[in-house]
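A.B. asks: Handing you a structure now.
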Amino acid sequence: MVDIILDNIKKSFGSVQAVRGVSLKVYDGEYLTLLGPSGCGKTTTLRIIAGLEKADSGEIYFGDKKIDFNVPPEERNIGMVFQHFEIFPFLDVWDNVSYSCKVRGVNKDEIEERVSKYIHLVNLDKYVDKFPFELTAPQLQRIGIARALATGAKILLLDEPLGALDQRYRDEFRVEMRKLVKKLNITAIHVTHDQDEAMMISDRIAVMRKGSILQVGTPGDLYIKPNAIFVANFIGESNFVEGEVKSIDKYTQIKLHGGGPIIFSKNKHFYKRDRVIGSIRKEFVKIKEFIEENKLKDNNLIEGNINNIAFLGSHLRVNIELENGDIIEAKVTYPPSIQFEVGSKVYIKLHPENVLLFPYPEDLDYELALE
Amino acid sequence: MTEIRLENINIKDSLYNINLQINSKEYLTICGPTGAGKTSTLKIIAGLLKPDSGRVYFDGEDMTDKEPEERGIGMVFEHSNYALFPHLTVEKNVGYSPRVLEGKTLKESRQLINYMLELVLLQNRPKAYPHELSGGMKQRVALARAMMASSSTNLILLDEPLSALDAKIRLALRYELMNLVKKLGLTCIHVTQNTEEALMVSDRIAIIHKGQIIQVGTPREIYETPKNLFVCRFISTSNFLEGNIIDIVEKGSYILLSNGKKILVSNKNFPIGSKVVIAIRAENIKISRNKKIETQNVLFGTVETSKFVSGNSIEEVRLTSGELFTLKRHATKAWFKEGEEVAIYFSPDRTLLFPYPKEGLEKAIDVF
Amino acid sequence: MVDLIRKIDKSLSSKKARIIGDFTSLLIFFVIIIIPILYIFTYVIQEWNDVSFWIFNNPVSGSTRFVDMGTALLRSLMISAITVIIDILIGLPMAIILVKYDFKGKRILDTLVDLPMAVPTAALGFSILLFWGSSSGIAWIFGLDRGLISPGVIMIILTHVVFTYPYITRNIKVILMNQDETLEKAAQSLGARKFTVFRTITAPLIKEGLIAGAILAFTRSLGETGATLIVYGVAETAPIQIVTLKSQALFGPAAFLAMILVIIAIILLILIKTITRKIGLPVYRVFVRTEKFLSKKVFRWLRDGFTIFFFGFLILIPALYSIDYLFLNLSGPNGAINQVFFQSDNKWASLWISLMNSLSIAAVATLINIVLGLAMAIIVVRRKWGKFNAILDTLIDLPLAIPSSALGFSIFLFWGTIGPFRSIGGLLTPGYLLIIIVHIVFTFPYMTRVLIASLEGIVSGYEEASRTLGAYSFTTFRKVTIPLLRNALLAGSIMVFTRSLGETGATFVVMGLVRTIPVTIVDWVESIDLPSAAFASFILIVLSFVLILILRHITTREKILKIKT
C-alpha cells in the first residue's frame, strides 16, 4: 500500500505563499496530475513530497507511514523525473541508470539485471555506452525515466517531464509513459501546465491555482462538472456570459446583460435576481439555420450574427455575435451540416444541461485570467 | 502597403529555390517541421541572413543587398524572451526603433507609443522591465515594438511568436494577434511548426519541408487537397492504407488492399493497376461496436487506447491487418474501453488518394 | 567495503559533520587570509607614535617623508588611471574583434592575446626594459644607439598595460560570448545602425563587466611591484616605497603606506559590488545622422586596424622581446650560456634552487587552495546565510584587490616578531613557510572565484536528482559535484600555479634568504647581468605558457560537458 496523503501542506518563500493548505490523497497505482498555470504551487507541492523542499506545516503519509519533513529525499524511496532531465553529463547511459543502485550498495548481479531491464523498457538498448552530449532531448528524458524507475521505488514523481521536449515528441511520450507506469503498477504524480497532456495521461487531475487545489477529479468530471470559473476556463474551452436570474421553474432562466437574450440552465442553486456567470463549452454550442420553422419547434434558440469563421481542418471555430454584443464561439465539426458564412444570421442552441452557472465573482478578470 | 517577392532563393544545404510572393495586407504562415528552413526564409526577408543566390523584392524594389536596419520591417523573435532589451522599460522597448522619431515631434511619438501600448493592453505597465512581466505580456511588448518599427512598410515578421507560452495562453493570443493584424492592416509573415495555429490565423499557408516549398494555399486548400503525403500527414493526423486500383466505376475507384479487402474512394484520377496510398483523416473515421454494420469501407480492429481530451474522444485502433489507426471525434467522454473489438468505417468522399511514393510510404509520411 | 563507504558517507552527510566542516573552513579563511591582511590597521594604530615620528615629526627631516609618500601615492594613482584608459582603448575593441567576427587566424590571435599573461611580471618588466630602454630593442629598428624611453613613469605605464589589459579583454569576452546575439539582431531589425546598436544595446549590457574589469585592472596596477621594480628608474611608486622602507627596517612608515593602499583597494572593491549596477548610460536619444556616419565600415576597419597594431606594438612584442634578446645573446663570453653555466659564481645552481623553490611553493599553495577554495565556494554558493554570505563573497576578493607588497607586508607583520604573537617571539619569520602562506593568500581568490562561478553554473538539479536516486548528500558531493567541478578545479589550479610562479612583490617582503625564480631575475637585472636574466625569464615564460595552453585546452573542452536542452 503506497497511498500518498497530503494533509494541509503549507509553504512560504519569504512573503510569497507558494502552497496554501494543500490536502490530497493519491491512491496506490494511480496516475495523478497536478495541473495549473506557472506559479500555482504545483512544482513546490511535488518537491515537498520528494523532500527537496521542507513544508512549513502539514503532514505527509506514504501508506500508513508518516514522513517527517526532515527525512531527506535519499531516504524517501521515490523516483523523480526532472523537466531539464538532469542526466549526469560525465556518465554514460548505463552509469546514469545504474547510479541509484550503486550508491545504495546493490550487489553487482542485481544491478546488471535491473539496469538492463529498465534500459530495455525505454528502448535505449542501442545507446548504453553513449554519453549524454551525444544524445537528443527525447533520448535524455528516456534515460531520466529509466534512471528514476531503476531505484525500484513505488512512487514516481514527474516534474514537467515533457516541458523541454518539442511538441512532436510529447504525444508519443504521453502514451508511452502512462503505459509504462501502469505496466509496472506504480503510483505516479505528474506536474504540468498543459491541460491536454493532463487529460491524456491521468486517472485523476488536481487543478491548482495560487497555491490551492480547486478541484480534483477524472478528466471527464473536470470537463463536465467544473466547480469554479477558473477550472471551466482552464480545462477545455468555454464561453462565459454575464447575466441575472429571471425566474426558476423547470429550468433557471438567465437574462444576459446589456439587453441580451434569455438562456436556460439546469442548475437550480440560485435565486431570482442573483448575478451569475454562465459557462458553455465551445463544442456544445449548436448552430441552426435562421428559419421560422426552427424557432417554432424550439423556443430555446438565440439569434446571432456570424462575424468570423476560422478553419482548423477537423473543425471550424465560428464566432457569433449576440444582440447585446457578446461573442459566443462554437466549435463545429467540419464539414458542417448546414451552410453559413461570415455575415449570416443564425440561431444558436444552448442545451440547458450544458449551461453551467457560477455566482458572479468579486473580480471577474482575476477568475478569467490564465496566468 | 508592402508586397514581398522571393525569387529563386538558395542557401547551400538549407534552402533550395524558394519562390514565394506575399501580397499586401496578407497573413501568410510559413509552416513546416523543425529544421525545414522556415526561420532561415524569414531571416532572409528581414536581411539578417544573406542568400547565396536569389533576390528579395519589396514592392518591386530589390532589397537583397540592403542591411536589416534599412528594410523598415518589424520582427518578433522567438528565443530568449522575444529579444526584449532587458535593460529597458516596456515603453522604451516599444519606442526603441529610431524610426519612431522620424518626422515626428517628441510629443507625437510619445502619443504613438501610448496608443500602441493601449492596443496591446499594456497601458498600465509602461515603466515595467521585461523580467517583471508574464510570458503573455512579454509577447505583447515584442509585438508592439515590432509594429512601431514597421510603420513605413506595415510588414511584420513573426518567428514562432507563441511557442514559448502555456497552451491556454497561446490560444487567447492567437485571437489577439489576428485581430491586431487585421485592424491595423498589416502584412504579416508568421513562422510556426504548429499546424493548428497556421490553419487558424492564416490567409495562406506555405508548407516548407527540407528546404523546399511544397505547397502554398489557403488553409482549406492545404487541408482538403494536400499536394503530397507529407503535407497530408503534416497538416493533420491521418491514417494510411496501401493498395492497387482494380476498378473504376461511376462513384469512384475500387482499391484492393493487400489483405484482400476492397475500398471505394471518390477519386477517379488514377488508372487501373496503379499502386496508390489512401489517406483518411483521424476525424473522418467513424467507429462502432456493431460489427455487422452495413456500410461502405468497413475495417475491423481492437481498441488499444481510448482517451478523452477536452471535448474530443481519441482512440487508437489496431486493425486486423496490423495498421494502427488514430480516430478523433467530438465527444463528452471516452466511449470505448481498451481491448474492445470494433468496426471502423469511412465515407468514400472523405478520403484522399496519392500515388505510391518512390521513397516508400514510411519515409513519405515521416513529418519529423 | 561498499557498506563501509556508505556508512562513512552517511555520517559525513549528517548535519553535525556539515556544521563542523563549515566552521573549520571559516576559521581557516579568517585566520590565514582575512585577519593577517587587515592586521596592518591594528599595527599602525599600536605603533602610531613610531609612525608619526618617522612620517610627520621627524626632528631632522620634518615631514619630507610624508611629502615623498604623497608624491609616490599620487604618481601611483596617475599611472593606474592612465593604464586603465589605455587598457580599455585596446582591450575592449580586441574583445569585440575576438567574439563578433569570424576570420582566418582567429584562434591564433586569441592565443596571442592570452600570451602576455604567461609572462611573469618580473620577466615582463625586464623584457620591456630591454625593448624600450636598451639599444638593441626598438632603438635598433630606428638605428639609434640608446633606448627610446628610459626607465620612469612612461615605461611603468607601458609595463602595467601589458599585465592589466587582460582584465578588460577577458571580462568583456566572456560577457559578449554569453550574450544573446538575438538582442543585437532585434535592434538591427528595428532600424538601429551598427553604432547605435553598440551604444544602446551592447554597451549597457557589458557595462558592469567593463567597470568591474577596469577597477580590478586599476587595483592590480596600483599594487604591482615585481615588474615596476625593474622599470621605475627614479619614479618611485607607492608599492616600491613599501619595499624600500621595509628593507630599511622602517616598519612603521611602511605599514602606514601599505594601510593607505589597502584602504583604497577596499573602497574600490566596495564600489564594484555596489555602484556598477547603478551607473546609467544615456540610451533613449538617437543621433541618427552622426550615428549613421559612425556606422560606416571604414570606422570599423580603422578601429580594428589600430587595435591590432597597438596590441602588437605596445603589448605583444615588448612582452616577449626578452626571448629575442636571449637568442641574440646566447653565445659568446658575455652570452647567457657562458654566464649561467660556466662562471665561478655558478648561477645555474642558484637558478635551479630558486626554480625548485618556486615550483614547490606553487604546488603547495595550489593544493591547499583546492581544499580551502572548494569549502569556501560551497559555503558562498550553497549556504543561505543572507547578508553574511554577501559579505563573505566580497571578502573573497579582498586579496585580489590589495597591492601585493602591502599584502605581503601585512602578513609579515601578523605572523612575525612584531605581530600578535610577539610574546612568543613571532610564529613565523621570513622564509619558505611564510612565502607559502603569502602565496596561499593572494592566489586564493583565483581558485575560489572559478569554483564559485562553476558551482553557480551547475544546475543544482543534478544534485537534487542524485539525492532522489538515494545518494546521501556527501555521496552526491563525491560522485556528482566533484566530477562536475573537475574542469573548474583544473583551471583554478593552473591559474593559482602560474600566478604563484610569477609573483614578485609580496615575495620580496617575506622571503628572507630564500630565493624564488622571479626574485632571482630581479636580482640579476639589478646586477646588470642581462643575458642571465633573459635566460631565467625564458624558463619562466615557457613554464607559464605551457600551463596557459593547458588551461585554454580545458576551457574549450568544457563545452562538451554542457548538454543542449
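A.B. asks: Picking from A:L140, A:V342, A:F240, whose Cα lies most toward the positive end of the charge dipole for chain A (charges on Cβ: Lys, Arg +1; Asp, Glu -1)?
C.D. replies: Value computed over the given set: A:F240.
A.B. asks: Quick one: grab the alpha carbon gyration tensor of the protein assembly as shown, order the square roots of its eigenvalues as a ≥ b ≥ c, and give me rounded if a/c is under 1.5, else prolate or oblate depending on whether a/b is larger than b/c.
C.D. replies: Because a/c hits 1.5 or more and a/b exceeds b/c, the protein assembly as shown counts as prolate.
A.B. asks: Indicate, rounded to the nearest 5 percent, the antiparallel portion of the DSSP beta bridges found entirely in the stretch A:4-229.
C.D. replies: 55 percent
A.B. asks: Continuing with the same structure: Roughly how many debye, to the nearest 20, is the charge dipole of chain C about its Cα centre, given +1 on each Lys and Arg Cβ, -1 on each Asp and Glu Cβ, and no other charges?
C.D. replies: Dipole of chain C, to the nearest 20 debye: 2520 debye.
A.B. asks: Using the charge dipole of the protein assembly as shown (Lys, Arg: +1 at Cβ; Asp, Glu: -1 at Cβ; taken about the Cα centre), state which of C:I368, A:V115, B:L119 has its Cα farthest towards the positive end.
C.D. replies: Working it through, the farthest residue towards the positive pole turns out to be B:L119.
A.B. asks: How many Cβ atoms of partner chains, on average, are near each residue of A:86-93 if near means within 10 Å of its Cβ?
C.D. replies: 6
A.B. asks: Which helices pass in chain C if a helix is a full DSSP H run, must span at least 27 angstrom along its long axis by Cα, and must have mean Kyte-Doolittle hydropathy not below -1.0?
C.D. replies: C:64-100, C:153-178, C:203-223, C:251-274, C:347-382, C:432-457, C:482-502, C:530-561
A.B. asks: Whole Å is fine, so just give me how far the alpha carbon centre of the stretch C:124-158 lies from that of the stretch C:30-55.
C.D. replies: 39 Å
A.B. asks: With a cut-off of at most 12 other beta carbons within 10 Å, and DSSP calling the residue loop, which chymotrypsin sites (Phe, Trp or Tyr not before Pro) in the stretch B:202-281 qualify? Please list them.
C.D. replies: none
A.B. asks: A follow-up question, please. Per residue of A:305-314, count partner chain C-beta atoms within 10 Å of its C-beta, then hand back the mean as an integer.
C.D. replies: Average neighbour count from other chains, rounded to a whole number: 6.
A.B. asks: Can you give the local net charge around C:P531? Use residues other than it whose beta-carbon is closer than 15 angstrom to its beta-carbon, Lys and Arg +1, Asp and Glu -1.
C.D. replies: Residues near C:P531 contribute -4 overall.
A.B. asks: Where the accessible area of the protein assembly as shown is counted over protein heavy atoms with a 1.4 Å probe, how much of it, in %, is carbon and sulfur?
C.D. replies: Solvent-exposed carbon and sulfur of the protein assembly as shown make up 57 percent of the total.
A.B. asks: OK, next. Once phi is turned into θ = phi - 60°, what whole-Hz ³J(HN,Hα) does the Karplus curve with 6.51, -1.76 and 1.60 give for every residue of the stretch A:202-219, x standing for Gly and Pro?
C.D. replies: So the J values, rounded to whole Hz, are 9, 6, 9, 10, 10, 8, 10, 8, 6, x, 10, 8, 8, 7, 10, x, 6, x.
A.B. asks: Along the Cα→Cβ direction, 7 angstrom out, place labels at C:I8 and A:N8. What is the inter-label distance in nm?
C.D. replies: 4.7 nm
A.B. asks: Taking the DSSP beta bridges in the protein assembly as shown as the whole, what percent of them are antiparallel, to the nearest 5?
C.D. replies: Restricted to the protein assembly as shown, the bridges split so that about 80 percent are antiparallel.
A.B. asks: Given points 7 Å out from each Cα along the Cα-Cβ axis, report the C:F41 to B:S288 separation in nanometres with one decimal.
C.D. replies: 9.2 nm
A.B. asks: At 1.4 Å probe radius, can you tell me the per residue accessible area of chain C in Å²?
C.D. replies: Spelled out: the 1.4 Å probe surface of chain C, per residue, equals 43 Å².
A.B. asks: Next question, about the same structure. Grab the other residues whose beta carbon is less than 15 angstrom from that of C:N338, score K and R as +1, D and E as -1, and report the net.
C.D. replies: Around C:N338, the charge tally is -1.
A.B. asks: Taking the Cα centre of chain B as origin and charging only Cβ (+1 Lys, Arg; -1 Asp, Glu), how large is the dipole, in debye to the nearest 20?
C.D. replies: Using only the charged Cβ atoms, the result is roughly 740 debye.
A.B. asks: Additional query: For chain B, what does the alpha-carbon gyration tensor say about shape, rounded, prolate or oblate, given a ≥ b ≥ c as the root eigenvalues, a/c under 1.5 as rounded, and a/b over b/c as prolate?
C.D. replies: prolate
A.B. asks: Excluding A:K66 itself, calculate the net charge of residues whose Cβ lies under 11 Å from the Cβ of A:K66, where each Lys or Arg counts +1 and each Asp or Glu counts -1.
C.D. replies: Spelling it out: positives minus negatives among the neighbours equals -3.
A.B. asks: Quickly rank A:206-212, C:435-441, B:264-270 as a protection proxy: mean count of other C-beta atoms within 10 Å, highest first.
C.D. replies: The packing order, highest mean first, is C:435-441, A:206-212, B:264-270.
A.B. asks: Just to be sure I understand the model, the point goes 7 Å from the Cα along the line to the Cβ. What's the resulting B:N23 to A:E134 distance in nm?
C.D. replies: So the label points at B:N23 and A:E134 sit 5.4 nm apart.
A.B. asks: Further, regarding this structure: So what's the gap between the Cα centers of the stretch B:51-86 and the stretch B:168-183, to the nearest angstrom?
C.D. replies: Centre-to-centre (Cα) distance: 23 Å.
A.B. asks: Put +1 on the Cβ of each Lys and Arg and -1 on the Cβ of each Asp and Glu in chain C; which of C:V197, C:A254, C:T516 then has its Cα farthest toward the positive end of the dipole?
C.D. replies: C:V197
A.B. asks: Okay, moving on. What's the longest bit of chain C with no exposed trypsin sites (Lys or Arg not before Pro), using DSSP loop states and at most 12 other Cβ atoms within 10 Å as the test?
C.D. replies: C:385-561
A.B. asks: Sticking with this structure for a sec: I'd like the FRET efficiency for C:L513 and C:M356, computed as 1/(1 + (r/R0)^6) with the beta carbon distance as r and R0 of 22 Å, rounded to 0.05.
C.D. replies: The formula returns an efficiency of 0.90 here.
A.B. asks: Also, quick follow-up: On full extension of the chain, what length is gained from A:E292 through A:D95, given 0.36 nm per residue of separation minus the C-alpha to C-alpha distance?
C.D. replies: Here the answer is 63.5 nm.
A.B. asks: Using a Förster distance of 51 Å, how high is the FRET efficiency between C:F341 and B:K107, based on the Cβ-Cβ distance and rounded to 0.05?
C.D. replies: 0.05
A.B. asks: Go ahead and collect, in residue order, the members of the stretch B:157-192 whose backbone nitrogen is under 20 Å from a label point 7 Å along the Cα-Cβ direction of A:D365.
C.D. replies: B:169-170, B:172-177, B:180
A.B. asks: Please compute the average number of Cβ atoms from other chains found within 10 Å of each residue's Cβ in peptide B:310-318.
C.D. replies: 4
A.B. asks: Another question, if that's okay. Report the FRET efficiency, 1/(1 + (r/R0)^6), for C:I391 and C:K16, where r is their Cβ-Cβ distance and R0 is 30 Å, rounded to 0.05.
C.D. replies: In this case the efficiency is close to 0.75.
A.B. asks: By its C-alpha gyration tensor, with a ≥ b ≥ c as the square roots of the eigenvalues, how is chain C shaped: rounded for a/c under 1.5, else prolate for a/b larger than b/c, else oblate?
C.D. replies: rounded
A.B. asks: Highest mean first, what order results for B:355-362, C:490-497 on Cβ atoms within 10 Å?
C.D. replies: Going from most to least packed, we get C:490-497, B:355-362.
The values are calculated or read from the model by the stated rules, or taken from the named source; none is laboratory data. Computed from a predicted model, the values in this text were never measured in an experiment. With ideal geometry, Cβ positions are generated from the backbone for all residues, glycine too; neighbour counts draw on all protein chains shown. Surface areas here come from the heavy atoms of the whole protein model, side chains and all, with no ligands, DNA or RNA. Shrake-Rupley method; radii C 1.70, N 1.55, O 1.52, S 1.80 Å.
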